[in-house]
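Quick note: the coordinates plus some simple rules give every number you see, no bench work behind them. Bear in mind that the values here come from a model prediction, so they are computed numbers and not experimental data. Neighbour counts run over all protein chains shown; Cβ positions are idealised from the backbone, glycine included.
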Amino acid sequence: MMIGTMIFVVDANKDRRLSYSDLKSYMELAGLDAKDDEIKAIIRLGGGDSNGCISFDGLLRISGAEKIDSYINAT
């Protein structure tokens, strides 16, 4: 699944940020056995906010992808 598609599918409340539970759900859906500390590290690396959420751009930045606007404009 492309990361742009994943973001739109995983963002349960459609707030354009991914919470710990959003990421955990995706990891399980993808069959990945991600540990709690690994998910928390993803959020921290992406510049997670005080609510423990990572923005779409933060996730894309650590994945090496372009800004989310390129995904929005492509669809």
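Per-structure values
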read-out: Spin-label pair Asp49/Val9, simplified geometry with 7 Å Cα→Cβ offset, distance in nm; value: 2.5 nm
read-out: Local electrostatic count, Ile54, Cβ distance below 10 Å [Lys/Arg +1, Asp/Glu -1]; value: 0
read-out: Around Ala34: net Lys/Arg minus Asp/Glu count, Cβ-Cβ under 12 Å; value: -2
